[in-house]
Each structure stands twice: as C-alpha cells, then as structure tokens.
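Beneath this line is the structure, given in structure tokens, with notes to follow.
The values are calculated or read from the model by the stated rules, or taken from the named source; none is laboratory data. What you are looking at is a predicted structure, and each value in this text was computed from that prediction instead of being measured. Neighbour counts are summed over all protein chains in view; Cβ atoms, including those assigned to glycine, are modelled from backbone coordinates with ideal geometry. Note: accessible area is taken over every heavy atom of the protein model, side chains too, but ligands, DNA and RNA are not part of it. Shrake-Rupley method; radii C 1.70, N 1.55, O 1.52, S 1.80 Å.
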Amino acid sequence: MSSSSGKMLLQGSSSSSLWQRCAVVLLLLSVVGAEDPYRFFNWNVTYGDIFPLGVRQQGILINGQFPGPDIYSVTNDNLIINVYNNLDEPFLLSWNGVQQRRNSYEDGVFGTTCPIPPGKNFTYILQVKDQIGSFYYFPSLAFHKAAGGFGGIRILSRPRIPVPFPDPAGDFTVLIGDWFKTDHRKLKAELDGGHKLPSPDGILINGHGPNGAFFTVEQGKTYRFRISNVGLQNSLNFRIQGHIMKLVEVEGTHTVQTIYESLDVHVGQSYSVLVTMDQGAQDFYIVASTRFTDKILTTTGTLHYSNSNKPVSGPVPGGPTTQIDWSLNQARSVRTNLTASGPRPNPQGSYHYGLINVTRTIKLVNSAAQHNGKQRYAVNSVSFVPADTPLKLADYFNIEGVFRVGSILDNPTGQPMYLDTSVMGADFRAFVEIVFENHEDIVQSWHIDGYAFWVVGMDGGLWTPDSRKEYNLRDAVSRSTTQVYPRSWTAIYMALDNVGMWNVRSEFWARQYLGQQFYLRVYSPVKSVRDEYPIPKNALLCGRAKGRSTRPL
C-alpha cells in the first residue's frame, strides 16, 4: 500500500451487519477526530494446528493466519479493530510501540483493559497519532505470546511529509523470535509452579523454521525490511548473505543511515533497513541466530532473486555470538537523523531533549529470586501481582483497595523481594531521567507503553551522577524498547506528555509474567479531553468495575 493511501479500508468478514458497522462508526466519532481517515479490521482469533519446527502444535491464529495479518496505516489514521475471541479462555491484544495518545484504555494489557471473554468480541478504537514507523502487536495475557497471535504494524508517512530515502521497490515485514515446541499452557504451568522458563527449541522467521521463510525480489532494486523480535527471551542477530543493510528507522524514528553487515535486535525491538539487490542472480540465506547464549540457535530463510535459477549455496554466514562490546558499540551507533522529518515537518524545532531540565531521576534495578519457594522477578524489589480489576478502571471509578500509588519507589531499597501491585505516580508534563541498572549476567530488555524515549547513554558497571558526562544530548535515538547489557546500565530521557496508566515491563516474557513489571500513572488533575479521552463507551467492565456504566451509547 502506498503512503498516499487515505481511503477507508475494510478488511475481514463481509458478513458484518449494517447496524454493527454504524455502531462502530458512532463510537469512533465520539472518541477521535472525524477528519482523520479510518480503517476497519475484523479479526477472528482461533486455535489451529501449526508446524513451525516440524512438530504439530496448537497455535493462535488470526483470520486463520500464523503470524497474524499485517496492519497497514498512515500517520493519524484511526484503526477500528473488531476482535472475536473464539478461544476457550480470555484474550487481549496489545500494540507494541503504538502510543495510544491520551487513550491508555485501549492499550490492551490487563492493567488497562478487561480481557475479551471466550465467545465474545471487543472493538479496539485507537489512533496512530503523530507516529510513523515499524511496530508489532501481540497477545498480552497468560502465556499466549508463546502460541502466536502476533503480527506486524507499519505506519507510513503522510504524502506531504518527506521521507529521507526513495520509495523502496517493496516493503517486507520480518518477524523473528525464539520458539518452543512445548505447548504454551505447559510453559505457563511450569512458571506457575515456580520454575524458570527452559531454553527455546529454535528460531522462527515469519512463523517458519529453518529454510521456510521466502522473500522474492528483483535484481538491482532496493527493498525495505521491517525486522521485529517478537520472541520470548533471546536477543537475535539478523543478517543477509552477501548483502549489506542500511538502517533507516527504529521504532518510529528516522535514523542516521548507517551501514551494517549484521544487526542485533533485542526482544521487543523493531528496526527498518534498506537492502539493495546488487548481487548475481541466485538465492541467498537470510539468517537469525541467538546472542549471548551458551548454545547458539540459528535459522535461515531464503532471499530469492526473481531471475535466479541457482539455489542458496555456501556456508550459512556466521554472526557475533557472545561479544557484548560489539553489541554495545553497535547500539551507540544508532542515532537520530536530525535533518529528517518525523510525523510532522521539522519535528525538532526549538524543542530539543538535550536542553530540557530533568525534574526527576528514577533508577530501576531488575532482580531474580525465590519467593516462598517459587521463582519470581522484580523491579526495585517489588514483584508485580495483577489486581482483580484493571488499574485504569479502578482509577476511573475511584475503586479503593485495588492499588496504591507509590507502591514502588524511585530507587532500589536493597530489601528482599516482596509481592505487590506496584504503581508509580508521575506528574503530567514532567521531564524525567530513568536509569535501568542490570546487576545480572543476562541482557535485559525494557519497554514502556504509551511513550517513545531518548536512549541517552549506556555502559558497563554501576550508574553514578558522573555517568551523565557520557550522555548523548544531541542525536540520541528515540524509541520505546531498550536493552541493558549484563552488569551494565542504560539511561533514558522521557517527556511525560501522555496522561494514562502505562505498563513498564521486561520484554523477557517469563520475567514479565512472574513480576518484572509495574505501571506508571501519569496524572493530570484537569479532567479535560485535552489531556485524556473519556472512558470508551464500549469498554468491557470486569472485576470490581463490573456492573458500573461507562457512558451512554
């Protein structure tokens, strides 16, 4: 789809009744600006047999697809996504990197949104406001992410906004991630029983195991590859035999166009690269392999030149394995293209992150420990336990006893791990510094819903105020997911300009599931749609919010 597309797009079942469509449009007009284009999607979520690693598994399909269908959109489009849950258990989808401006009700994690009951449907109404770039969606409840249900999201620039590279000949979504042959319910039971997640069995590219993914290109042309790591725990290195990759975008930010032979993509991260088909007419390996693991798992796909009559040949190109300095230096080389427009012309203007006074510093330390004989994970000693009611609904309806603002502190206390429904309070329009400090021997990956942040620094050892002397205050990349290397720190700057209840989590899914997350409550005392949309009229109500009313339809 070209970036000039602004017409209504209807995808999914054509059997939806007229009154259902009218109701959805009325909901849309009550929440978002009617002047912005809108796109309809009807998604049917089911279980189905899949064979990604050669054995039969029960996967989560969307409209019969594994992975699910891509979402194509343009800046400021309104997405109307009607999700039918035909699983035998509650289900939610979340939208990794989509900022849900003023609208955390639609974020699709249990802290903000009630699950869709089995046999029921829910219509997400969300806007890709002032965003461009490459993202993905995934199922956020239980351990559904280990069964599929994920897919790519691409947000194209509006036609009048210049893009800092020529239109590519094609645009591919590349979803890479580690995978288990074990059923997701058994993996969840292992975690519930207090055990750690075992090592994965393989790596997938677009839902396929070794030699399964296939990309057809024309010799001499340039293509865009949007690479997202949708896996559960492993950093992956991505490379294409005989070709170099020009990085152009990271999670909504046009980057300095640096050339890489291979690229580390940590869990939850998304990158866009341009690749020119400048080799002889044959097929080439596309490779994804694990990083920082004792046993290196590798998978391959095929880059097929349309005029090729020669299959892939030669050894599978090797990549980095356990070298942390190599990855750290590559991460530091990813910088913002200051001459490029974002969703709007000249987005920098007079506003620049390096010139703003920080009003608060938050230090977050991840940890792992046994709690009552079971494996748990924590942030600043607090291991998150879900409440019986989504926190955003409890906040809206003033339901007492669901959570307490301030139940996680700004700095680690050093006390033993304990369980709580951890919520950190923050003021609207504050400008904060967050330091992720990793005292463990793994690479960590952190994501913040509702925001993009500037990754201003990362290094080994412990962070101190003197570490600020190393910060990049000129062209740090802005993104929503960042890695923290073993026994290292990563610092970010973030403007709290989006009111709501926002999930801050480890993207290592077992760690997230067993407590390594919390919610950031960005609060404005002004009850105005200028700051936050009202609760959606169609919001599902559960827990202690059940039986209450939203607003009249």
* Asked: Can you list residues whose amide H is under 5 Å from Val74's amide H, if they're 5+ apart or on another chain and H is modeled 1.01 Å from N?
  -> Leu156
* Structure fact -> The relative contact order of region 408-553, taking Cα pairs under 8 Å that sit 6 or more residues apart, comes to a percentage of 29 percent
* Highest-first arrangement of 522-533, 75-86, 432-443, where packing means the average Cβ count within 10 Å -> 75-86, 432-443, 522-533
* **Isotropically averaged projected area of region 468-553, using the convex hull of Cα atoms (one quarter of hull area), nm²** => 9.5 nm²
* Asked: Sequence-distant or interchain residues sharing an amide H contact under 5 Å with Ile362, placed H: which?
  -> Glu433, Ile434, Val435
* Structure fact -> A chain fully extended from Phe51 to His352 at 0.36 nm per residue, minus the present Cα-Cα distance, gains in nm 103.5 nm
* Asked: In terms of modelled amide H atoms, which long-range or inter-chain residues lie less than 5 Å from the amide H of Ser383?
  -> Tyr418, Leu419, Asp420
* Tell me the label-point distance for the pair Lys537, Asp388, using the 7 Å Cα-to-Cβ offset, in nm and rounded to one decimal. => 3.2 nm
* Value of [θ]222 nm, deg cm²/dmol, for the chain, DSSP H segments ≥ 4, -39500 (n - 2.57) each, nearest 500 -> -2000 deg cm²/dmol
* To do: For Lys537, go through the lysines and keep the ones whose alpha-carbon is under 19 Å away, minus same-chain ones fewer than eight residues off.
  => Lys120, Lys392, Lys527, Lys546
* Asked: What shape does region 462-511 have by the C-alpha gyration tensor, where a ≥ b ≥ c are the square roots of the eigenvalues, rounded means a/c under 1.5, and otherwise prolate means a/b greater than b/c and oblate the rest?
  -> oblate
* How high is the relative contact order of region 487-535, in percent, counting Cα pairs under 8 Å that sit 6 or more residues apart? -> 39 percent
* For region 117-275, what is the Kirkwood hydrodynamic radius in Å, using each pair of distinct C-alpha atoms? -> 17.5 Å
* Asked: Roughly how many percent of the accessible protein surface of region 473-535 is carbon and sulfur, given a 1.4 Å probe and a whole-percent answer?
  -> 54 percent
* Pairs of Cα atoms under 8 Å, at least six residues apart: use those to get the relative contact order of the chain, whole percent. => 14 percent
* Using a cut-off of under 18 Å, list every residue of region 352-392 whose amide N is near the label point 7 Å from the Cα of Asp130 along the Cα-to-beta-carbon line. => 352-357
* With a 1.4 Å probe and every protein chain left in place, work out the accessible area per residue of region 83-224 in Å², rounded to a whole number. => 34 Å²
* Over region 236-365, give the accessible area per residue in Å² for a 1.4 Å probe, as an integer. => 41 Å²
* To do: Roll a 1.4 angstrom probe over the protein heavy atoms and tell me the percent of accessible area of region 297-405 that is carbon or sulfur.
  => 51 percent
* To do: Please say if region 280-381 is rounded, prolate or oblate, where rounded means a/c under 1.5 for a ≥ b ≥ c the square roots of the C-alpha gyration tensor eigenvalues, and otherwise the choice is prolate for a/b larger than b/c and oblate otherwise?
  => oblate
* To do: Multiply the residue gap between Arg360 and Glu400 by 0.36 nm, knock off their C-alpha separation, and tell me the result in nm, one decimal place.
  => 11.6 nm
* At a 1.4 Å probe, what is the % contribution of carbon and sulfur to the accessible area of region 50-199? -> 49 percent
* Calculate, for Arg332 and Ile296, the FRET efficiency according to 1/(1 + (r/R0)^6) with r their C-beta to C-beta distance and R0 30 Å; round to the nearest 0.05. => 0.80
* trypsin sites (Lys or Arg not before Pro), restricted to region 120-204: which are DSSP loop and have at most 11 other Cβ atoms within 10 Å? -> Arg160
* Would you work out if region 355-499 is rounded, prolate or oblate? Take a ≥ b ≥ c from the square roots of the eigenvalues of the alpha-carbon gyration tensor; rounded if a/c is under 1.5, else prolate when a/b is larger than b/c, oblate otherwise. => oblate
* To do: Over 48 Å, how big is the tail of the calculated P(r) for the chain, in percent of all Cα pairs?
  => 5 percent
* To do: Give me the number: length gained by fully extending Ala495 to Arg344, i.e. 0.36 nm times residue separation minus the C-alpha to C-alpha distance, one decimal in nm.
  => 52.6 nm
* With a probe of 1.4 Å, find how much accessible area region 423-536 has per residue, and write the answer as a whole number in Å². => 30 Å²
* Just order 464-476, 256-268 by mean Cβ neighbour count inside 10 Å, highest at the front, would you? => 256-268, 464-476
* Go through region 291-299 residue by residue and turn each phi into a ³J(HN,Hα) via Karplus (6.51, -1.76, 1.60, θ = phi - 60°); whole Hz please, and just put x for glycine and proline. => 10, 6, 10, 5, 9, 8, 9, 9, 9
